[in-house]
Amino acid sequence: MGFLDRERTIAPAGFNRWLVPPAALAVHLCIGQAYATSVYKTALVKHFGASLTEIGLVFSIAIVMLGLSAAIMGTWVDRNGPRKAMFTSSMFWVGGFLIGSLGIFTHQLWLVYLGYGVVGGIGLGIGYISPVSTLIKWFPDRPGLATGMAIMGFGGGALIASPVSTALLKAYDPNSGAQGWVASGDAVGKLFLTLAVVYLVYMLFGAFTIKVPADGWRPAGFDPAKVKAAKLVTTENVSAKNAVKTPQFWLVWVALFCNVTAGIGILEQAAPMIQDFFRGPDGASLVSAAVAAGFVGLLSIGNMAGRFAWSATSDITGRKRIYMLYLGVGALLYTVLALAGSSTTILYVALAFLIISFYGGGFATVPAYLRDLFGTFQVGAIHGRLLTAWSAAGVAGPLIVNAFLDAQGKPGQLTAASYQPALLTMVALLVVGFVANLLVKPVSARFHEPRLDRDRPHEPAMEA
Amino acid sequence: MSNVPNNNPSAPDNTVAVNTATGKLALGWALVGVPLAYGVYETLTRVAALFG
């Protein structure tokens, strides 16, 4: 399929680079649905007669596959360009929904694991990294802003999918008005089919809109010398194969892992946590389920807004400094949350909001951090390999929190003090991440790709 | 910011190109911006319970 080739996506003269972020967002808004699976989780538990853990495994498989496919396919994505990558991602993501719906209609949970988990998870991984390298090349003057816009979409996708899925489940289930209603499996199957069609259209819009800049293109008025003035920013290039041999890659990996693990600690427990933090003398929570749901919504906004705002800010502050903020100030905020979070709800909500905004900011800033350290040559592939930190944190975060909470008591009986060991463990993790980030120095010249022309900044030709 | 403009465009062609680009830009951003705004609005209505 030649029309998907990178050569067919090179932008003509006069192309407006602001057309590229919507193309990237179209993909990220679709795959961001992965954060909205809680909408039909109870319905699937009932439909399959399975446990919450068995249904939760669908999401866990998808996130693990995201990390693996991003790591394994990153070089392929860089070599073949964003259009082919986005097209492939859409086929996997939509295919995952179709196979998943078949599993639901035929009562075979393993098909949901295979569909949404494995096949869909591959679509997640390829889709997540597909526009990143292209955006960095279109916005060499503001890479943090550009990647922030796209990765904000991953946070925003759940904000759209959640209310839309709830409305569709009600529309597809004739019993939706009943007391204590839980959606039928049939309704969830139809929801999967509907999402497949809508996501196909949107992702293909992204794939066929995206373009790569011609070799040597620069935005008007852009002076690479100004960018180079920052100590950590290189105009050299490091291949993905060499990048993983550098200490810088693993230091950033640790920083991202610590930041994500700490964020997931709050996100996973958001609703029960706020209810446990504020209990009356009789032990009943002072926070209603509706208010707790509002808190979860606020965290989603913080997650999304942090991706854009902090990443864009990193263009001014530099990537290392903004990571010092995420990890250093994050550790302080976590400490206050653990020791004084239960004093007032306003303080609790404000602390959690900021912490989650740092969590989102960490995701969105990291591609630009990699560009600064390793150049643009294979930044997509390097980013893909780095996302294994996300997969690892996705396992470690809930494990840490749940292990501490299990030792403290049963759900519904926990208090603010029950959370202190878990939260203080997160503080220690953030300090480890802070130190790792502090140790990041420019990459040694022995890892740089050879340059034929030393007189002007040059990139190896093949990459998108 | 756009790319360096065509070196030798005729005036009418240039106008058409600019209009097309503006139209594409508006359509592209609307396609992603409208659903995103809807999602944020729906979420904020839930958040209202927190401060109600």
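What the table shows:
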| quantity | calculated |
| --- | --- |
| Dimensionless Rg ratio for segment A:224-464, taking C-alpha atoms and the 2.2 N^0.38 Å reference | 1.15 |
| Spin-label pair residue B:30/residue A:176, simplified geometry with 7 Å Cα→Cβ offset, distance in nm | 2.7 |
| Theoretical gain in end-to-end length, residue A:402 to residue A:105 [0.36 nm per residue, Cα-Cα removed] | 103.6 nm |
| At R0 = 30 Å, FRET efficiency that the Cβ-Cβ distance of residue A:42 and residue B:48 yields, to 0.05 | 0.80 |
| Accessible carbon and sulfur surface of the protein assembly as shown relative to its total accessible area, %, 1.4 Å | 66 |
| Rough spin-label spacing in nm, given labels placed 7 Å along Cα→Cβ, for residue A:445 and residue A:415 | 6.3 |
| Amide H within-cut-off set for residue A:449, under 5 Å, with H built and near neighbours excluded | A:237, A:238, A:239 |
| Axial C-alpha extent at least 18 Å, average Kyte-Doolittle at least 0.5 - helices from chain A (DSSP) | A:52-105, A:143-172, A:185-209, A:247-277, A:289-317, A:345-374, A:388-408, A:416-438 |
| Amide hydrogen neighbours beyond the local backbone of residue A:279, cut-off 5 Å, H modeled | A:286 |
| Residue A:290-residue A:346 pseudo-label distance in nm [points 7 Å out on the Cα-to-Cβ vector] | 2.3 |
| With DNA, RNA and ligands ignored, accessible area of residue B:34 (1.4 Å probe; Å², nearest 10) | 100 |
| Computed P(r) (all Cα pairs; segment A:1-222; 10 Å bins; percent) | 9, 33, 31, 17, 8, 2, 0 |
| Within segment A:1-35: backbone nitrogen closer than 19 Å to the residue B:22 label point (7 Å, Cα to C-beta) | A:14-20 |
| Relative intensity, log₁₀ I(q)/I(0), of chain A from a Debye sum that treats every alpha carbon as a point, q = 0.06, 0.08 Å⁻¹ | -0.26, -0.47 |
| Contour minus Cα-Cα distance for residue A:198 and residue A:316 (0.36 nm per residue) | 38.7 nm |
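The values are calculated or read from the model by the stated rules, or taken from the named source; none is laboratory data. Just so it is clear, the model here is predicted, and its values are computed rather than measured. Cβ: placed from backbone, ideal geometry, glycine included. Neighbour counts: every protein chain shown. Heavy atoms of the whole protein, side chains included, go into the accessibility calculation; ligands, DNA and RNA do not. Shrake-Rupley method; radii C 1.70, N 1.55, O 1.52, S 1.80 Å.
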